[in-house]
């Protein structure tokens, strides 16, 4: 199985990287950076392919928001809090959110769809999205390339000590999810407090 995966990544690495980037995920970019480190991928090509995949993925979510509102209404019902947070971030920070949304856990698909729901220029979104996707790919892949040896050592350790690696990975992911959930709750809580304060001020007048 291990040899099959190595062969697949070596033979079809760029195709896998593109598809993985469309579907979102830093793991694919870390894989690419590690393969650049081992000499199985070219650094500029890997960055461009990953960035292109990230760009295509966000463009799909943007056009879903713009032209598939019926499906989005059902999705919106299940993720009301995330859409509220995305709307708040867009209103407060504007276009820079397109840059940072790739690093916001749980919001990477919601923010492009939220932008698609607005009258935001599709051409402007595409331009900013393409630049941000290439920067995202470059930062992640170059870091993985630089620390490639350490990543390979961790993978080798995890292969032989999977009974420790799996629980630690689960705890790490759960910790990230919990942290972002707390941040999300705090932002929405402050928003509700501001609205309540404005309402009280308006009633007092």
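Note on segment 10-28: residues that are in contact (Cβ under 8 Å) with a residue 40 or more places away in the chain and assigned to a helix (DSSP H, G or I) total 2.
Being at pLDDT below 85, more than 28 Å from residue 43 (Cα to Cα) and either exposed (fewer than 12 other Cβ atoms within 10 Å of the Cβ) or over 19 Å from the mean Cα position of the chain (by Cα) (or both) is a condition met by no residue of segment 127-148. The number of residues in segment 119-152 that are within 24 Å of residue 32 (Cα to Cα), part of a helix (DSSP H, G or I) and out of contact with any helix residue (DSSP H, G or I) (no Cβ under 6 Å at 6 or more places or on another chain) comes to 9.
Scanning segment 31-53 for residues that are farther than 12 Å from residue 14 by Cβ and in contact (Cβ under 8 Å) with a residue 12 or more places away in the chain yields a count of 6.
The values are calculated or read from the model by the stated rules, or taken from the named source; none is laboratory data. Just so you know, these numbers come straight off a predicted model, no measurement behind them. Methodologically, a virtual Cβ is constructed for each residue, glycine included, from the backbone with ideal geometry; neighbour enumeration extends over all protein chains shown.
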